[in-house]
Amino acid sequence: MALDAEHVAQEVKDRELAVAVDKTKQDEINKAVENALRKAGINPAHADSDDHIASNTTKGWLTEEQAEIARKIRATVPAEAEAQLNLKKVEMIAQGRLQKFLKESTLVEQQYILSDAKELVKDILKKMNVHITDFKRITLNQE
């Protein structure tokens, strides 16, 4: 927890951005796989892993032919999707995720809970003409 985004260590920001980039890339690849499955007429929920494909084939929810197509899609589409990733889009989404992290992890960007209006702590402080010089986060009943 930090006072604001400026007080978050650059190391933390860099690490969070790297995690956001990796997660965004994986999300984009997963979307490509799901779209390919849908295009093939297969419910992505029935083909999210080899075990699930086998189970759903046994239950009759997938035919053997659909199961083979699903396995092929799951084997080939991720590499194709990764090669075609729009890195600029991935970076923009990752930056948005970083901003969300900073908003949730800094004191002044959080919602002020004692107000009915959806105001941020920084807005309340500005109204009251208060400037924070230092703060500490404590936890009650900590052993």
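The values are calculated or read from the model by the stated rules, or taken from the named source; none is laboratory data. Predicted model, so just to flag it, every value in this text is computed and none were measured. FYI the Cβ positions are ideal-geometry reconstructions off the backbone, even for glycines, and counts take in every protein chain you see. For the accessible areas, the whole protein counts, side chains as well, though only heavy atoms, and no ligand, DNA or RNA atoms are used. Shrake-Rupley method; radii C 1.70, N 1.55, O 1.52, S 1.80 Å.
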Given unit charges at Cβ for Lys, Arg (+) and Asp, Glu (-), the dipole magnitude of the chain about its Cα centre in debye, nearest 20, is 380
For the range 40-101, the dipole about the Cα centre with charges only on Cβ (Lys and Arg +1, Asp and Glu -1), to the nearest 20 debye, works out at 420
With a 1.4 angstrom probe the carbon and sulfur portion of accessible area for the chain, in percent, totals 51
Calculating Cα extents along the principal axes in Å from this structure picks out, from [x] 69, 35, 35; [y] 47, 42, 31; [z] 52, 27, 21, entry [x]
From the Cα centre of the range 1-28 to that of the range 44-80, the distance in Å is 34
Expressed per residue, the solvent accessible area of the range 11-143 in Å² (1.4 Å probe) is about 75
With the charge dipole of the range 33-118 built from beta-carbon charges (+1 for Lys and Arg, -1 for Asp and Glu) about the Cα centre, the Cα from Ser55, Ala36, Asn86 projecting farthest to the positive end belongs to Asn86
For the range 21-79 the mean separation of alpha carbon contacts under 8 Å (6+ apart) over residue count, i.e. relative contact order in percent, is 38
As straight-line cross-link partners of Lys25, the qualifying lysines (C-alpha separation under 17 Å, not fewer than 8 residues apart within one chain) are Lys88, Lys89
